[in-house]
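The values are calculated or read from the model by the stated rules, or taken from the named source; none is laboratory data. Owing to the predicted nature of the structure, the values given are computational and were not obtained by experimental measurement. Neighbour counts run over all protein chains shown; Cβ positions are idealised from the backbone, glycine included. For the accessible areas, the whole protein counts, side chains as well, though only heavy atoms, and no ligand, DNA or RNA atoms are used. Shrake-Rupley method; radii C 1.70, N 1.55, O 1.52, S 1.80 Å.
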Amino acid sequence: MTRMPVLYLSHGAPPLADDAVWTAELARWSADLPRPEAILMVSAHWEEAPLTVGATRTVPLVYDFWGFPEHYYRVRYEAPGAPGLAEDVRRLVPGVHQDEERGLDHGAYVPLVEMFPDADIPVLQMSMPSLEPARLFEVGRSLAPLRDQGVLIVGSGFTTHNLRELSPGADASPPAWSAEFDDWTDRAVRGGDIDALLDFRAKAPAARIAHPRAEHFAPLFVALGADADAPSGRRSVVDGYWFGLAKRSFQFG
């Protein structure tokens, strides 16, 4: 079986699904990937300790956003559940809990709709038990054997994420803080500077502005961990900005 790559992608708010450039970028990306046996999603929008896996059957999506037009709440993504993958996660990571009512949140289903629109691949979402980078890195490292079973591990966040500092317009030039953090992240990831990334609060420029909270950067650490023991090519697949926020997305392997 082909060893699957690991992804970290910037998922954006639901309206990003109306952006023709971003949706085309995700569609091209997925077309170049091997077809997964299953997908394990780690979204910025689910923090729960201890580490918890979601429903292993098809349940309603979690529309974890407010004040948007009605059509965003009518999106459906009825992918099969992945009970076998949930069992594998419990085997690899001690103390995992299960929440059979927890569906996919928008950090999971928004990119999946664009990348795997047929919704015919089993999907499991997993919580982040902490925002501590080293802890999430080790979680990712524990999950790495799943790649050899055809599982696509996806960390879904946003490379810069400060909603109070949005630029006026989807195509606006990025502010300096966003461009500097994005460039630093790109160079650190592609250069394999794991120590700097895990210490990004101290090492990255404008880290506190780019991420007032770390939840949208945190899925990157899971992805890095899942690629740590046998790194095989780290590349930036998507770049650019949306309302000044960096859409930078990476593939490992």
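Summary of computed values
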| item | result |
| --- | --- |
| Rounded percent of accessible protein surface that carbon and sulfur make up, region 1-147, 1.4 Å probe | 53 percent |
| Descending semi-axes in Å of region 135-202, equivalent ellipsoid built from Cα gyration tensor | 29, 16, 11 |
| 15 Å cut-off, amide nitrogen to a point 7 angstrom out along ALA230 Cα→Cβ, residues in region 5-19 | 5-6 |
| Span from the region 50-71 Cα centroid across to the region 144-222 one, whole angstrom | 23 Å |
| Three principal axis lengths of region 27-82 [C-alpha, angstrom, descending] | 37, 33, 21 |
| Per residue, the convex hull volume that the Cα atoms of the chain enclose (Å³) | 113 Å³ |
| All-pairs alpha carbon distance profile, region 1-109, 5 Å steps from 0, percent | 2, 10, 18, 22, 21, 16, 8, 3, 0 |
| Where SER236, SER167 fall by accessible area, highest first, once all protein chains stay in place (1.4 Å) | SER236, SER167 |
| Solvent-accessible heavy-atom area per residue, rounded to whole Å², over the chain at 1.4 Å | 41 Å² |
| With all protein chains modelled, accessible area of ARG57 [1.4 Å, Å²] | 110 Å² |
| Rh by Kirkwood over Cα pairs, then Stokes-Einstein D for region 66-193 at 0.692 mPa s and 37 °C, µm²/s | 186 µm²/s |
| Region 189-244, accessible surface, carbon-and-sulfur percent (1.4 angstrom probe) | 48 percent |
